[in-house]
Every structure is written in C-alpha cells, then in structure tokens.
Amino acid sequence: MWNVKLCLGTSDEFDCSVEEQIRLFHKIGFDAFFTDWFPQADLAGWRALADQLGMEYQSVHAPFGRAADLWKTGEEAQAAVDELIACLRDCAKYSIPIMVMHAFIGFEDHTPTQAGIENFQKVAEEANKLGVKIALENTEGEEYLAALLECSKGDPCVGFCLDTGHEMCYNHSQDLLALYGDRLIGTHINDNLGIRDFGGEITWRDDLHLLPFDGIGNWEGLARRLARHGYEGCLTFELCKKSKPDRHENDGYDRMPLEEYLTEAYKRACRVAAFYRREIRQG
C-alpha cells in the first residue's frame, strides 16, 4: 500500500500448500511473505517463487519447540543451538535476511541462565558470519527476551520482533517498543483480547492471532509507536484462521473460504498501513 510493504505469514491453518498460499498472497495484494523453517522445508522453491512473482521473502520463523532447551547444558542445549544455526545457514543460502526466534517457551520458569546466554551467543556469532539478522520475538518468558537483548547490545545482527497480540496477553499490554524500539527489525501484527482468566493466569490459549480490529488493539497507537522509533520494514501480519482448543473467537474465519479470508486480512492490513503512513507523513 503506497510505500508501506505488507507481508503475511504462511500457515498450516490455511489448508493448502505453501506455494498455493504465496500465489494467493500475491494475487490479493501482499508484497511479501514469511514461512516457517523445518529441515525438509522447500526454501529453494519458495525463494524461486518469490523471485518469479516479484515478492519479498521477508523472513523465516525458526522452530520454538526447543526454546527452553537453549537455557540448559548438555545434549538438549546443543540440539537447540544446532537447529537455530541450521536455520540461519538456510537463510543465508536462500537470501532470506531475517530469522525470527523465540527466546523461551513455557510459563513456569522465569530465571535465565548463563549457559543460555552463552548458547545464544554461539548462534549470534554464526548470524554475524552469515550476514543474517536474528529477530527475537516477545512471547511468554519476558525475562529471557530481556536477557538476550541485553547480552547482544551493540550486535548489528540481533534485534527485536514485536508481536502485537503477544504484547496484549503474554506481556500484559506493556509497551515493549518503549523498551526495545531502538532494536526493532520486524513485526508480527495481530489482534487479541488480552488475558481471559480474571485471576491473571496466562495460557497459550490466550494467543488468538485475530485479524486487526477484531480485538482490543489500539492500531492508531501502534502506528504512532512504530513511527516514533523510525521503523522502515514491512508491516508483517501473523494470523490464525482456526480457534485454539476450547476457544471460538476464530470460528467465523474458519467458515470463510481461504481467498475470502485472506482478502479480508489484506483489507485490515491496509487500514493499519494507512494509520502508519499518516504518522510517517506527520513526522
């Protein structure tokens, strides 16, 4: 939309191949996409398709099932490091500039370890060798994100990816750009309803990834925050078409044909981009 690039993440929930999703994104109007990474992922094919369509392959999302293992020692920690380095090497091989990763997974532990910092530094060292940026995403475990961003201060290859929906639930609507806006290199934009439990207990089922304007998000406020920190990257949207177990907020999306749903996503993305462009123009 104008000079603001709109990006959308592929998803298993879209019930068709990644190739079909990328073609649909392009048809509907998105400028860029990101994909998940796994050892057999066809990054070569998706890179070729991006080039054919004139789209930007904005990033890959690293696996996060081993994110807690990064903070351990021994074989589990080494497996987590090796997985992230393999992802970085594929990014470099296929000219994908950013790897998004989670600093942690889980709700019980809140104590970063020196071993975890040292493990991450091995990953960051590889990123610098390859010229690939690591974007650390806000999820549960804010202490782990803070520890990794602190230990990597001054590293040009390590920055922050703001997930707006996670900010509303996992991070209690704290303004994370006030903390890390100077390190911002990517976004995962989605709406949310905050924390469901009146006692304040957060679970992964609170993470809805709704279309913008279907939750409690302040989108004009987000545009101001992004502009304040001089963000110049894609507005990247990460959305869920299906509801979490025992939740029903996304059920209406799932009843929509995919092309209709993605078109609605594009319309909402354009509205967010219009707010952002206005903030940039007003300077």
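The values are calculated or read from the model by the stated rules, or taken from the named source; none is laboratory data. Since this is a predicted model, take the numbers as computed values, not measurements. We place every Cβ from the backbone using ideal geometry, glycine too, and count neighbours over all the protein chains shown. For accessibility, only protein heavy atoms count, side chains too; no ligands or nucleic acids. Shrake-Rupley method; radii C 1.70, N 1.55, O 1.52, S 1.80 Å.
In square angstrom, what is the accessible area per residue of segment 228-275 with a 1.4 angstrom probe?
Per-residue accessible area for segment 228-275 comes out at 49 Å².
Along segment 190-205, what does the Karplus equation 6.51 cos²θ - 1.76 cosθ + 1.60 (θ = phi - 60°) give for ³J(HN,Hα), rounded to whole Hz, x for Gly and Pro?
Rounded to whole hertz, the list is 6, 9, 7, 10, x, 9, 6, 6, 5, x, x, 6, 9, 10, 5, 6.
With θ taken as phi - 60° and the coefficients 6.51, -1.76 and 1.60, list the Karplus ³J(HN,Hα) couplings across segment 141-151 in order, rounded to whole Hz; mark glycine and proline as x.
Once θ is set to phi - 60°, the couplings for segment 141-151 become x, 4, 4, 6, 4, 4, 5, 6, 5, 5, 6 Hz.
In nm, to one decimal, how far is the modelled label at I216 from the one at R228, with both set 7 Å along Cα→Cβ?
2.0 nm
Please enumerate, by chain and number, the lysines with C-alpha under 25 Å from the C-alpha of K27, excluding those fewer than 8 residues away in the same chain.
K5, K241, K242, K267
Starting from the Cα-Cα distance between E76 and N3, subtract it from 0.36 nm times their residue separation and give me the gain in nm to one decimal. Display every interim value, and only then the final one.
On the way: separation 73, 0.36 × 73 = 26.28 nm, distance 4.41 nm.
In short, 21.9 nm is gained.
Name the residue from F275, L239, N250 whose Cα lies farthest towards the positive end of the charge dipole of segment 239-279, charges +1 on Cβ of Lys and Arg and -1 on Cβ of Asp and Glu.
Comparing the listed Cα positions along the dipole, F275 ranks first.
Students sometimes get this wrong: rank R89, R224 by accessible area, probe 1.4 Å, all chains present, largest first.
In descending accessible area the options line up as R89, R224.
I'd like the Karplus ³J(HN,Hα) series for segment 53-70: coefficients 6.51, -1.76, 1.60, θ = phi - 60°, whole numbers in Hz, and an x wherever there's a Gly or Pro.
Here the 3J(HN,Hα) series is 8, x, 9, 8, 8, 6, 6, 10, 9, 5, x, 10, x, 9, 4, 6, 5, 4 Hz.
If you take every residue apart from A79 with its C-beta less than 12 Å away from the C-beta of A79, what net charge results, scoring Lys and Arg +1 and Asp and Glu -1?
Local charge sum for A79: -3.
List the trypsin sites (Lys or Arg not before Pro) in segment 126-182 that DSSP assigns to loop (not H, G, I, E or B) and whose Cβ has at most 15 other Cβ atoms within 10 Å. Which are they? Write out the running numbers ahead of the final one.
Numbers: sites: K129, K133, K153; in loops: K153.
Answer in residue order: K153.
Could you give the length gained by full extension between E201 and A115, i.e. 0.36 nm per residue of separation minus their alpha carbon distance, to one decimal place?
Here the segment from E201 to A115 would lengthen by 28.1 nm.
For segment 130-198, which whole-number percentage of the solvent-accessible area (1.4 Å probe, protein heavy atoms only) is attributable to carbon and sulfur atoms?
Roughly 54 percent, rounded to a whole number.
S173's amide H: which non-local residues (gap 5+, or another chain) put their own amide H closer than 5 Å, with H modeled 1.01 Å from N in plane and none for Pro or chain starts?
When sequence neighbours closer than 5 places are left aside, the close amide H contacts are M168.
Just how large is the dipole of the chain about the Cα centre, in debye to the nearest 20, putting +1 at every Lys and Arg Cβ and -1 at every Asp and Glu Cβ?
With Lys and Arg at +1 and Asp and Glu at -1, about 1200 debye.
With every protein chain present, what is the per residue accessible area of segment 85-161 (1.4 Å probe, Å²)?
Heavy-atom SASA per residue in segment 85-161 reads 41 Å².
Once both labels are modelled 7 Å past Cα along the beta-carbon direction, what's the D175-E19 spacing in nm?
Calculated label separation equals 4.7 nm.
Which of A86, A223, A48 ends up with the largest GNM mean-square fluctuation for the chain, with Cα atoms connected below 10 Å?
Residue with maximal mean-square fluctuation among A86, A223, A48: A48.
State, as an integer percentage, the relative contact order of the chain based on alpha-carbon contacts under 8 Å between residues 6 or more apart.
Averaging sequence separation for qualifying contacts and normalising by length gives 17 percent for the chain.
List the residues, sorted by chain then number, that are 5 or more residues from T236 or on another chain and whose placed amide H is less than 5 Å from its amide H.
C7, T187, I189
Add -39500 (n - 2.57) for each DSSP H run of 4 or more in the chain, then divide by its residues: what number comes out at 222 nm, to the nearest 500 deg cm²/dmol?
Using -39500 (n - 2.57) per qualifying helix, the result is -13000 deg cm²/dmol.
Taking H placed 1.01 Å from N in the peptide plane, check which residues at least 5 places from D163 or on another chain put their amide H under 5 Å from its amide H.
Close amide H contacts, sequence-distant or interchain: N138, H188.
GluC sites (Glu not before Pro) within segment 59-111: which are DSSP loop residues with at most 13 other Cβ atoms inside 10 Å?
Sparse-neighbourhood loop GluC sites (Glu not before Pro): E108.
Starting from the Cα gyration tensor of the chain, multiply each eigenvalue by 5, take the square root, and state the resulting semi-axes largest first in whole Å.
The equivalent ellipsoid of the chain has semi-axes of 27, 23, 20 Å.
Sort by residue number and report every cysteine in the chain with no other cysteine beta carbon within a distance under 4.7 Å.
Cysteines lacking a close Cβ partner in the chain: C16, C87, C91, C151, C157, C161, C169, C240, C270.
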